[in-house]
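The values are calculated or read from the model by the stated rules, or taken from the named source; none is laboratory data. Please read these numbers as outputs of a predicted model, since none were measured by experiment. Here Cβ is always computed from backbone atoms with ideal geometry, including for glycine, and neighbour counts include all displayed protein chains. Accessible surface areas use protein heavy atoms only, side chains included; no ligands, DNA or RNA. Shrake-Rupley method; radii C 1.70, N 1.55, O 1.52, S 1.80 Å.
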Amino acid sequence: MAFNTIIYETNNGIGYITINRPKALNALSEEALTELSEALDMAAKDDDAKVVIITGAGGRAFVAGADISAMQHMTAVEAYDYARLGQTTYNKIQDMPKIVIAAIDGFALGGGCELALACDIRVASAKSQIGIPEVTLGVFPGFAGTQRLPRLVGTGIAKEMLATARKVHADEAKEIGLVNYVVDENPLAKAEELAAQICKNSMSAIALGKKAMNEGMEMELKKGIEHEASLFAVAFTTEDQREGMTAFLEKRPANFK
Ligand code: HXC
């Protein structure tokens, strides 16, 4: 499918989703969000994409936010619909039975920070700056940032980032757990290295483990632990469980399909 604002391609078991509006620092217009949503649907069902990497075109930004010019004259009802469009799109990343990695090279602000937060793993270049500066615009994060940021870094740091609007530099982002890795300049290469490691393992087991973590985070601890056991049982209905354990006992590498 041809998109105007998104590039979707696959290579070597990886699905690449590139936000491609470099002149606007990849700001997410309604069209970009709609196309991102479609690209995520494609990646979810694409057997050539075992792992998905989301990145931004142009070398200056991952995504500099939701499109401010598109939001300027919105009514409250339109703003609600726009927030829901972004939220439901980002939820597709959370719900996808594959690992999604954000490769951040530059600004990840507002809706861009929230897009990275929806991903499972975040890798950033040293020049990257991550923040939720919406309060400078008289609004606040509406693509689930008020929910996912405190869950990732804790409410103290999240509220500080919300209220000060400051952009957190890559090294500090690593320190506070906002990104997994900081690399000098090529976050895509680091994301591909992680993807290659992931691709060696059981995709069905990864999908079940991701589901257990995501759903468990929304449960009371002992319910989450019980839920883990149910999903653990599901792993024993898979070919990968037989292959993985047999391969170990036969002292050979597992050959997951
Ligand atoms: C629309 C944007 C944009 C955005 C940048 N641009 N961010 N357009 N929406 N979020 C455009 C600029 O208008 C400019 O277009 C071009 O990209 C280059 O940006 P500059 O500002 O000229 O670059 P620079 O001086 O280097 O500053 C980079 C920057 C700054 C610090 C990232 O652009 C910036 O502060 N952007 C806004 C960041 C932000 O507030 N994000 C949160 C948005 S609200 P022209 O045509 O002039 O070249 C949000 C809400 C989410 O995300 C929830 C919604 C429900």
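Worth pointing out:
- Scanning segment 131-185 for residues that are hydroxyl-bearing (S, T, Y) and free of Cβ contacts under 8 Å to residues at least 40 places away in the same chain, we see that the one that is surrounded by the most Cβ atoms within 10 Å (Cβ to Cβ) is T146.
- Of all the listed residues (L194, L221, L188), the sole one being of a type in the set (A, V, I, L, M, F, W, C) and open to solvent by less than 50 Å² (accessible area, probe 1.4 Å) is L194.
- Exactly one residue out of G86, G106, G65 is within 24 Å of E185 (Cβ to Cβ) and either more than 9 Å from the ligand (Cβ to nearest atom) or under 15 Å from the mean Cα position of the chain (by Cα) (or both), and it is G65.
- When segment 109-123 is filtered for residues that are within 16 Å of the ligand (Cβ to nearest atom) and open to solvent by 10 Å² or more (accessible area, probe 1.4 Å), the ones remaining, listed by number, are L109, L117.
- Meets criteria (open to solvent by 90 Å² or more (accessible area, probe 1.4 Å) and either under 17 Å from V100 (Cα atoms) or more than 16 Å from the ligand (Cβ to nearest atom) (or both)) for K210: no
- Test result for G131, away from the ligand (no atom under 16 Å from the Cβ) and either out of contact with any Asp or Glu (no Cβ under 6 Å at 6 or more places or on another chain) or under 30 Å from P253 (Cβ atoms) (or both): no
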